[in-house]
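Down below is the structure, laid out as C-alpha cells.
The values are calculated or read from the model by the stated rules, or taken from the named source; none is laboratory data. As the structure is a prediction and not an experimental result, all values here were calculated from the model. Cβ atoms come from the backbone with ideal geometry, glycine included; neighbour counts cover every protein chain shown. With ligands, DNA and RNA removed, areas are computed over all heavy atoms of the protein, side chains included. Shrake-Rupley method; radii C 1.70, N 1.55, O 1.52, S 1.80 Å.
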Amino acid sequence: MTGWQREERELTVEEYHQMMLMQQVVAENTQGIVASVTEFQKGAVIDEYTMQLIEEGII
C-alpha cells in the first residue's frame with residue numbers, strides 16, 4: 001500500500017473536549033516543553049562528544 005488513507009467521521013463530544021484540553025495544555029506549556037527537549041538534546045550531544053573524545057584517547 002502506498003500513500004495515505006483517510007478515515008472521515010464525526011467526533012464525539014468527549015473526543016472534542018479531550019482534543020480541546022490537549023490543545024490548551026500544550027499551549028500553556030509550550031515554553032516548558034521546548035526547554036525540556038532542548039535540555040535533553042544538549043545532554044545527548046555532550047554525552048556523544050565525550051564518548052568521541054574517550055574513543056580518540058583525548059580524555
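Miscellaneous remarks
- Rolling a 1.4 Å probe over the heavy atoms of the protein chains gives the chain an accessible area of 102 Å² per residue.
- Loop-located trypsin sites (Lys or Arg not before Pro) in the chain (DSSP state other than H, G, I, E, B) with a sparse environment of at most 12 neighbouring Cβ atoms within 10 Å: R6, R9.
- Label-point separation, V13 to Q52 (7 Å along Cα→Cβ), nm: 5.7
- Ellipticity at 222 nm from helices only: DSSP H runs of n ≥ 4 in the chain, each -39500 (n - 2.57), divided by the residue count, give -27000 deg cm²/dmol.
- The accessible surface of the chain, taken with every protein chain in place and a 1.4 Å probe, is 59 percent carbon and sulfur.
- Once the Cα atoms are used to define both axes, helix 13-55 deviates from the longest principal axis of the chain by about 10 degrees.
- The structure-derived value of semi-axes √(5λ) of the Cα gyration tensor in Å appears in the list (i) 27, 11, 4; (ii) 42, 21, 6; (iii) 25, 11, 10 under the label (ii).
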